Amino acid sequence: MTGGGIRFDRVTVAYGGNTVLDALDLTVEPGEVMALLGPSGSGKTTALRAVAGFVRPVSGRVYLGDRDVTGLPPHRRGIGMVVQQYALFPHMRVQDNVAFGLKANKVSRPEIPGRVTEALELVGMAAYAGRYPRELSGGQQQRVAIARALAIRPGVLLLDEPLSALDAQLRSGMLAELARLHRELPDVSILYVTHDQVEALTLADRIAVMDRARLQDCGTPQELYRRPRTEFTASFVGNANLLPVTVGPGSVAFAGHDLKLPTGDAATGSTATLCVRPHLVGLGDGPNALTGTVSEVQWRGSTHRLYVDVDGHRVKADMRELRDTPALGEKVTLHFASEDAVLLPVHPARPAVENRTLTGGARG
């Protein structure tokens, strides 16, 4: 297995004059898991397909390590790929499905059985080598698909929404398996496409946030969650209260409340957006208090979510399960610490983030 990483050099993909990926600059370091996170139509799957060789950029270059692979067909790129539909051959046993890529890559016949066993052991499926796909659960089929991708010993593994067809329990188990595989294959670069923030936060060393065909932000999961730079990142990576405020000297005004928090370079009198995560909002008196009325209470097992109307603005607060929940229409006070809030510019233009901010080897 040889690594080398992935580099997008201003890669643009268009269909019939419609740009679906716009000047993407992004580097996935050797051994790094990079999640491409975004809504449908954001360009994330197109970026993955450009690496795989299934789409040809109209401009820009794709590199695997030092190799410019922009013009190479898929079978000459040495890439492993797993998609959400598994794409196993139903008439072939598990061992034959895994061997298929090895034969296509012209691996010597005596070497194939050992490579198949090695790949199946990696994903915990060696005992199922003689079964047909129809005899496996969805999670087991996905493990076989991953084994088939790993059997060729790729330097790059592409995962396109690999867990979206699984139920919640299977998805949780597969997340743990993928995390384990990452630890056991430290030289393999993984590009992981998902619209699920939990998957991205759980697995990725860094997350590239995509929207409207462009790269909007990139950083470690902790950076993007705790200190988002845009409203879109704040709302898509995790859940957030995004509240309109007016900047004052060392404070901001929101719905008649004066909130003390650092305002950085924001000009006094300007408007901004206050971002605070619901689980960092407390119930009762405290710093940066907000008073409003309860409009909804949701029980979520171990937690309650309160929706509180503060002068026409809906504020969410998540807290450990309450013994006595506030009644609808009841007046309550919420609070949050200054260090838990982030001040964002209002409705930024969301340009693609400069490459210099994206190509470092930061690991989460």
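The values are calculated or read from the model by the stated rules, or taken from the named source; none is laboratory data. The model shown is predicted, which means the values in this text are computed figures rather than measured ones. So basically every Cβ, Gly included, is an ideal-geometry build from the backbone, and we count neighbours across all protein chains shown.
Quick notes on this structure:
- Among (1) in a strand (DSSP E or B); (2) assigned by TED's automatic domain parsing to the domain that holds Leu328 - the single one Asp217 does not satisfy: (2)
- For the stretch 290-329, the set of residues classified as within 20 Å of Phe254 (Cβ to Cβ) and either part of a loop (DSSP other than H, G, I, E, B) or not assigned by TED's automatic domain parsing to the domain that holds Pro244 (or both) consists of Asp311, Gly312, listed by residue number.
- Some residue of the stretch 248-263 being surrounded by fewer than 20 Cβ atoms within 10 Å (Cβ to Cβ), of a type outside the set (Phe, Trp, Tyr) and under 25 Å from the mean Cα position of the chain (by Cα): no
- Residues (at pLDDT 90 or above and touching a helix residue (DSSP H, G or I) at 6+ places or on another chain (Cβ under 7 Å)) located in the stretch 131-140: Arg131, Pro133, Leu136
- Some residue of the stretch 24-36 being touching a Cys at 6+ places or on another chain (Cβ under 9 Å), in contact (Cβ under 8 Å) with a residue 60 or more places away in the chain and on the phi < 0 side of the Ramachandran plot: yes
- Filtered residues of the stretch 89-141 (kept if under 27 Å from Pro73 (Cβ atoms), in a helix (DSSP H, G or I), more than 29 Å from the chain's Cα centre (by Cα) and among the β-branched types (Val, Ile, Thr)): Ile112, Val116
- Matching residues in the stretch 142-153 - criterion: being within 13 Å of Glu177 (Cβ to Cβ) and either touching a Phe, Trp or Tyr at 6+ places or on another chain (Cβ under 8 Å) or surrounded by fewer than 19 Cβ atoms within 10 Å (Cβ to Cβ) (or both): Gln142, Val144, Ala145
- Among (1) touching a residue at least 60 places away in the same chain (Cβ under 8 Å); (2) surrounded by 22 or more Cβ atoms within 10 Å (Cβ to Cβ); (3) farther than 24 Å from Asp25 by Cβ, the one test that Val156 misses: (3)
- Those residues of the stretch 201-245 which are out of contact with any helix residue (DSSP H, G or I) (no Cβ under 8 Å at 6 or more places or on another chain) and surrounded by fewer than 18 Cβ atoms within 10 Å (Cβ to Cβ), in sequence order: Arg212, Thr220, Gln222, Arg226, Arg227, Ser235, Pro244
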